[in-house]
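This report refers to the structure that appears directly beneath it.
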Amino acid sequence: MTAVEERPGTRPARLVAAGRCPLEKLVTRSEFGQIQEAGDDLLAGTAIKPVLPW
């Protein structure tokens, strides 16, 4: 049995493509006007990755 080396960064992409890493559950979307609330949620631990679209 031999080990196959992967290019760096390919494993996370494969996990997302396979549905084993559901990014949509990690992202919390807020309006840009709610930037303070998004920061507060991040610090409180209620949001993992706040996203503020322009």
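Quick notes on this one:
- Apportionment of accessible area to carbon and sulfur, the chain, percent (1.4 Å): 58 percent
- Per residue accessible area of the chain, 1.4 Å probe, in Å²: 93 Å²
- Helix-only CD estimate at 222 nm, as mean residue ellipticity for the chain, using -39500 (n - 2.57) per DSSP H run (n ≥ 4): -9500 deg cm²/dmol
- Structure-derived Kirkwood radius over Cα pairs in Å: which label, when the choices are (i) 12.1; (ii) 13.4; (iii) 11.6: (ii)
- Seen against the Cα atoms of the chain and their longest principal axis, helix 35-44 is set at about 60 degrees.
- Qualifying trypsin sites (Lys or Arg not before Pro) for region 7-36 [loop in DSSP, other Cβ within 10 Å: at most 10]: ARG20
The values are calculated or read from the model by the stated rules, or taken from the named source; none is laboratory data. Only a predicted model underlies this, so the values are computations on that prediction, with no experimental measurement involved. So basically every Cβ, Gly included, is an ideal-geometry build from the backbone, and we count neighbours across all protein chains shown. These accessible areas exclude ligands, DNA and RNA; they are computed on the full protein's heavy atoms, side chains included. Shrake-Rupley method; radii C 1.70, N 1.55, O 1.52, S 1.80 Å.
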